[in-house]
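K.L.:
Got a structure for you, written out below as structure tokens; questions coming shortly.
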Amino acid sequence: MSHMVMPRGAGAPLLVREATRDDAAAIGEVHAEAWRVAHRDLFEAHWLRRLVEQRKQCWPEIMASRKHARNTLLLAEQGDRVVAFTYFGPHPEGMPDAEIFDLYAHPHAWGTGVAWTLMDAAWDQIREARFRRVRAWTMAGANRARHFYESFGFTQTKTREQDFGDGRPVLEVEYLRTTR
């Protein structure tokens, strides 16, 4: 699956396609930079640096895992640069729902329609797979992400605390949307 599309906002055409293992480093760069900018007020600086580095390095292992084989990893390229990605698949608890595990755009692409365009492509695949509902978790303090999910029709369903290893749990919000 790959196709050129114009983002909903202004900007150059995007190539939306399934990621390959060769894309792992570029996906890691987008993931790390999005985390660094979006979560800078949610973690202490030294801890944020560690979390950012983890996100930068994790994609080769994720893409080589058995779990990855049942999930989908789409990316958006502008020119020769990966500017966003989304990772989704069946809900890990065996529900008949899909879950969006990750959806990140590089900060320089924020506000350009790249995330909407990528989400539209993911949504098409989720619906084709006949999932009835889609879940996504984000941090309560991640206002940009929360606004994005809400503007895409998701509603908040519950919260949980997540400790990212620093001993200071962060509140996360679950969002849900039906596919029909």
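K.L.:
Pairs of Cα atoms under 8 Å, at least six residues apart: use those to get the relative contact order of the chain, whole percent.
P.N.:
Taking the mean separation of contacting Cα pairs over the length of the chain, I get 20 percent.
K.L.:
Something else: Quick check on segment 114-180: what does the Kirkwood estimate of hydrodynamic radius come out to from the alpha carbon pairs, in Å?
P.N.:
When all Cα pairs of segment 114-180 are included, the Kirkwood radius is 12.9 Å.
K.L.:
Given a Förster distance of 30 Å, report the FRET efficiency between S151 and E18 from their Cβ-Cβ distance, rounded to the nearest 0.05.
P.N.:
0.70
Laboratory data are not the source of any read-out in this text; all were calculated from the coordinates shown. This one's a predicted model, so the numbers in the text were calculated from it and none came from an experiment. Virtual Cβ from ideal backbone geometry, glycine too; neighbours counted across all protein chains shown.
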